[in-house]
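Read the structure below first, then the notes.
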Amino acid sequence: MSDPTQCANDAASTGEAPAAGSGTRAWFKATTARLRDWLAIQTPGMKLAVLGVALMIPASAYYAWSALERQQKLSLEVKAMAAGQGAEAAWAYNTALPVVFGSGSVLSFLETHPVARITIIYRPILWTVSERFVLVESQGRQYAYYPSDMETKILADKAVTAPWGGKLTFVPQAALDGASKDMLARLEQRFGEARPQSEQDAWKGGASALVSATLTLGLLAFLWYQVGGQRKPLKFISPQQISGDLEDLVGMDDIKAEVAQIRDQYERRLEYAAYGVNKPFNVMFSGPAGTGKTKLASYLAKELNLPILFHSAANLETGYVAGGSNTLSRILALATRRKRCIVFLDEAQDLFMRRGGNRKYDDDTQNMLLAILDGVRTKSDAEIIWIVASNFNSANLQMDEAMLRRFQMKVDFRMPNQQERLAITGHYLRQRADKVLPDLDLRHFGELTEGCSPADIETMVNQAGIIAVQAGQMIGAHTLMQAAERVLVGNVNDNTTKERERDRRIIAVHEWGHFLMDFHHQRKLAGGDWNALQADMNTIKISLKANPRNNALGFVLHKQDSNLLKTKGDMEHEVRVLLGGMANEELFFGEDGTTGGAHNDITRVTRLLHHAVAEMGMYRKTRLNYAALVKDGSNAPPDEETRSIMEAQSERLFSETKAVLAEYTALTEHLTGCLMRSGEMTLSEALGEIRRFEFLAEPAAMPTGQARGQLTPA
């Protein structure tokens, strides 16, 4: 059984960055771990190349050092030849005598000829190394020699005792005049093939030193780029670097219970293995985006005290053949080196799809993942937790069966219910409690956020904070509703139709058509109870402000339907509400006066009726789903009978909608005027205007069968 302390020690031994503390030792430890990680994911060829370059650095440095050492000795020997000479003689050079090439060796010449002066013209080659010409003045001439390294050494040794030793003078080449430099150039051309080994070693030693320095800097730069740059997406995070814990996941008790089971099974895996549960530890997270899959994986790593690697499955492919499988191999190498860790692959929808067809490269990636999850490519499979998360919708797409069998645990994430949404909202508000008004009524906010994920709610609370800061006030219920509208609807403006009264009137009539159809239905269900009516209606606000997000010139902000199962009556009511906008336009402006503003409404009506007729078998003699018999039925056009039924039901529901709205013509005129004056109206304001209108209107102007409301606050 694994010891959590041992897990922490193993994580530390792999070189994970410490949570606290700094210094040379910690930096060196982290850098070494990164280098080991980088080497772990490289091919053998790359490793051999790096090793070869690393070996060339000390070899070239040693050659340069030995060459310079030899040159240093020769330089000292040349300098020793000037021993005993005065400062005045060091710069003497007889330019009046002709210079001829000497024959034989310079030592033989000195032994057999009378010598008046020996002039050595030298120049530095590299640091302490020198090049030298020897001019021996004898019998009215100067004989030029270019001694070898050996001759130079013997010359230096004999100069101590030889009678000509006191006749040595040294002249730096830089001190020569123009004529002397021309003479020296001719000498260099003459002795070009006879330069001593010390000069040859000079450039070789310098070149070797340059190569050594270049290789060192190049290797360091390459490793720095590879380890610090390209490896960033494949970086393990230590549990100490993770902020937050499971308590931050509010309203997910059923999912946290699954995590507790994962933790227990991992910590006691030897006991589970005794019962035959010894497969690789693979976990599948599935569910809508923003429901906390990534956070839960992070907190699980913190609970188990394991390092975790985050990588998007969408970024596995590199654009090269087998790029995805190679990336998975590198991830596996990093995970295997740590032995105990978590690998989290997010956005893995494509990896769950069925293999085959024209997706060969994707199939290679899937096959590699299948092998890894099956434990084929790793000896320590039980030590590594593979968490593969996706937004895969099994209702619309078919999952690969082989991939499905690889996961011994599956955690299904869901959208929070109203009670959980309120708890999540309260959790985020408590983080900024000193800026929140006390005793907030979050009931309407909880209803408005039906179908929203925890991430959406967090975004709304953050947006409420931004609005409060800009307004210089505390966060209240009104601020939260403004933030929810900003997130759900987007940026809105009234400049688009501000000076276009005709368009504003058409939009107002259209939006009131939607509202009044819902009002008519809910009023019947409420039985005259206006408080129940206000609580049951889905509408929150009617606005004439334009919404660039969907190119709408007005909108109705409403709550999401909380009914998970829709009856036939619910579907027909939804269709009537959608058709209310176009039906109201036709009532007020005639059939020729209808606009394209109902395009989105008609599209949704078409989908609803197609679902009811083609998939649910409604309005047919038999309950059959003919769309299931057609491959890719969602993209296939409906058959003739289905179209005929859809058109008939659409005409029936449109006629019913138009008949209902005809009874509200006078009310629509009144509400349209109110909306055009104010620009937008809330549900309570709209219901208040309706009750006021009905109280003041004649009974004949009221819809049939409707009770007149009392003029009391809504």
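A few notes on this one:
- With the simple spin-label model, which puts each label point 7 Å out from Cα in the Cβ direction, the D245 to L440 separation comes to 2.5 nm.
- Bins of 10 Å, starting at 0 and running to the largest distance - Cα pair percent for the range 644-701: 20, 37, 26, 15, 2
- Phi angles of the range 677-694 translate, via the Karplus equation with coefficients 6.51, -1.76, 1.60 and θ = phi - 60°, into HN-Hα couplings of 6, 8, x, 7, 9, 7, 4, 5, 5, 5, 5, x, 5, 5, 5, 5, 5, 5 Hz per residue; Gly and Pro are given as x.
- Protection proxy ranking, highest mean first, for peptides 528-537, 324-333: 324-333, 528-537, where packing is the per-residue count of other beta-carbon atoms within 10 Å, averaged.
- Coordinate range of the alpha-carbon atoms in the range 240-355 per principal axis, descending: 42, 36, 32 Å.
- From phi via Karplus (6.51, -1.76, 1.60), per-residue ³J(HN,Hα) for the range 245-258 in Hz, x at Gly/Pro: 8, 4, 5, 6, 8, 7, x, 10, 4, 5, 6, 5, 5, 5
- In the range 565-687, a dipole from Cβ-located charges (positive for Lys and Arg, negative for Asp and Glu) runs towards its positive end, and of N600, H611, Y664 it is H611 whose Cα lies farthest in that direction.
- M409 long-range amide H proximity, modeled H, under 5 Å: N282, M284
- Working from label points 7 Å from Cα in the Cα-to-Cβ sense, the D570 to S105 distance is 11.2 nm.
- Using R0 = 41 Å, the C-beta based FRET efficiency linking K339 and V469 works out to 0.30.
- Were the residues from S180 through Y275 laid out at 0.36 nm apart, the gain over their Cα-Cα distance would be 24.3 nm.
- Modelled spin labels at I602 and K158, positioned 7 Å past Cα toward Cβ, are 11.5 nm from each other.
- For I540, residues with placed amide H under 5 Å, excluding near neighbours: L557, H558, K559
- If R0 is 35 Å, the Cβ-Cβ spacing of R692 and Q419 corresponds to a FRET efficiency of close to 0.45.
- Gain in span if fully extended, E685 to E69, counting 0.36 nm per residue against the direct Cα distance: 212.1 nm
- In range of the label at M676: residues from the range 504-537 whose backbone nitrogen is under 19 Å from the point 7 Å along Cα→Cβ: 504-516
- Under 5 Å from the amide H of I120 lie the amide H atoms of L135, T169, F170, V171, each residue being 5 or more positions distant or on a separate chain, with H modelled from the backbone and absent for Pro and chain starts.
- Sequence-ordered 3J(HN,Hα) estimates for the range 516-522 from the Karplus curve with 6.51, -1.76 and 1.60 and θ = phi - 60° stand at 5, 5, 5, 4, 4, 5, 5 Hz, glycine and proline given as x.
- FRET efficiency for E591 and A289, using Cβ-Cβ distance with R0 set to 41 Å, rounded to 0.05: 0.45
Only the coordinates and a few stated rules stand behind these numbers; no lab work does. Owing to the predicted nature of the structure, the values given are computational and were not obtained by experimental measurement. Heads up, the Cβs are rebuilt from the backbone with ideal geometry, glycines too, and the neighbour counts pull from every protein chain shown.
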